[in-house]
Amino acid sequence: MAELAALDDPRIRAVNERHGDDHGVNLTKLRALAKRLRTRHELAHELWTTDDTAARLLALLICRPRAYERDELDTMLREARAPKVHDWLVNYVVKKNPHREELRLAWFADPDPVVASAGWALTTERVAKQPEGLDLAGLLDVIEADMKDAPDRLQWAMNHCLAQIGIEHAEYRTRASGIGERLEVLKDYPTSPGCTSPFAPVWIAEMVRRRQDGAVA
């Protein structure tokens, strides 16, 4: 904890706090610290219990993802209110855990929109990597009905799922793009030069174009 405190940079903290992340540690330096520590699951548990955002991020880098029980991960997600902690927990730990599908189903239907966003994130991964058994048309129905008025983090996760369906599944591409056009979610989101807009119709078209160009090459 003393080492993390020494790495805290007020300028980085100011930027992060605008996004809801209350820490000031450079993530490259945090990853270097994790690399030095290597996997230390018990230490990861102790770091998590501090309720400190930087410590929790470090914990997620040095833990053993498969060692967590289902209820433990559910509790951790509900405690992880900082967006970066939430994202790393889902992407670095839950996606590698044997309980991920059970958690996906539980979180997807949760009344807490932040928890539900984790369910959508896990669903988006299945859309891309393991779509068998998913009702893609049903997902599009839910997105079309609910995404426009969803809270920010849930809306972002639903939009990602919408784009992924359009990118990965040609038979739903026209419908997915059409839903994006009608709802206009993230249409005006500021996008840096060289980056792809998160507006689903643009995102879908750009990723499909890149794949086609790669196939031709």
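At 1.4 Å probe size, with no ligands or nucleic acids counted, give the accessible surface of Lys29 in Å², nearest ten.
Around 120 Å² of this residue is reachable by solvent.
Work out from phi, with θ = phi - 60° and the Karplus expression 6.51 cos²θ - 1.76 cosθ + 1.60, the ³J(HN,Hα) of each residue of the stretch 93-100, listed in order in whole Hz, and give x for Gly and Pro.
Listing the rounded values in order: 10, 4, 5, 9, 9, x, 8, 4 Hz.
Rounded to the nearest 20 debye, what is the charge dipole size of the stretch 31-90 about its Cα centre when +1 sits on each Lys and Arg Cβ and -1 on each Asp and Glu Cβ? Present the calculation step by step, with values, prior to reporting the outcome.
Working: 12 positive and 10 negative charges, 97 e Å.
Here the size comes out at about 460 debye.
Taking only protein heavy atoms and a 1.4 Å probe, what accessible area per residue, in Å², does the chain have with all protein chains in place?
Values: 11640 Å² over 217 residues.
Dividing the accessible area of the chain by its residue count gives 54 Å².
If you place +1 on the Cβ of every Lys and Arg and -1 on the Cβ of every Asp and Glu, how big does the dipole about the Cα centre of the chain come out, in debye to the nearest 20? Intermediate results must be reported in sequence, preceding the final value.
Working: 31 positive and 35 negative charges, 206 e Å.
Taking the Cα centre of the chain as origin, the dipole is about 980 debye.
Reachable aspartates and glutamates from Lys187, Cα under 15 Å, same-chain residues fewer than 8 places away excluded?
The reachable aspartates and glutamates, counting only those whose Cα sits under 15 Å from Lys187, are Asp149, Asp152, Glu206.
Take the solvent-accessible surface of the protein heavy atoms, probe 1.4 Å, and return the percent of it on the stretch 159-217 that carbon and sulfur atoms account for. Walk me through the numbers on the way to the answer.
On the way: 1770 of 3340 Å².
With neighbouring chains kept in place, the figure for the stretch 159-217 is 53 percent.
In whole percent, and with a 1.4 Å probe on the protein chains, what portion of the accessible area of the stretch 95-147 is carbon and sulfur?
Details: 1260 of 2380 Å².
The C+S portion of the solvent-accessible surface of the stretch 95-147 is 53 percent.
In Å, what is the Rg of the alpha-carbon atoms in the stretch 30-98, and how long is Dmax?
Rg and Dmax of the stretch 30-98, Cα atoms, are 10.7, 30 Å.
Roughly how big is the stretch 88-140's charge dipole about its Cα centre, with Cβ charges of +1 (Lys, Arg) and -1 (Asp, Glu), in debye to the nearest 20?
Values: 6 positive and 7 negative charges, 52 e Å.
Here the stretch 88-140 has a charge dipole of around 240 debye.
Toward the positive end of the charge dipole of the chain, about the Cα centre and with charges on Cβ (Lys, Arg +1; Asp, Glu -1), which of Asn16, Pro193, Thr50 goes farthest?
Among Asn16, Pro193, Thr50, the one farthest towards the positive end of the dipole of the chain is Pro193.
Calculated from DSSP H runs of 4 or more alone, at -39500 (n - 2.57) each and per residue, what is the 222 nm mean residue ellipticity of the chain, nearest 500? Please list the in-between numbers first.
Working: 13 runs with 142 residues, N = 217.
My calculation for the chain gives -20000 deg cm²/dmol from helical runs alone.
Below 18 Å, Cα to Cα, which aspartates and glutamates can Lys29 reach? Residues fewer than 8 away in the same chain don't count.
By straight Cα distance, Lys29 reaches Glu3, Asp8, Asp9, Asp21, Asp52.
The values are calculated or read from the model by the stated rules, or taken from the named source; none is laboratory data. Because the structure is a prediction, the values reported are computed rather than measured. Every residue, glycine as well, gets a Cβ built from its backbone with ideal geometry; the counts of neighbours run over all protein chains shown. SASA here: full protein model, heavy atoms, side chains in, ligands and nucleic acids out. Shrake-Rupley method; radii C 1.70, N 1.55, O 1.52, S 1.80 Å.
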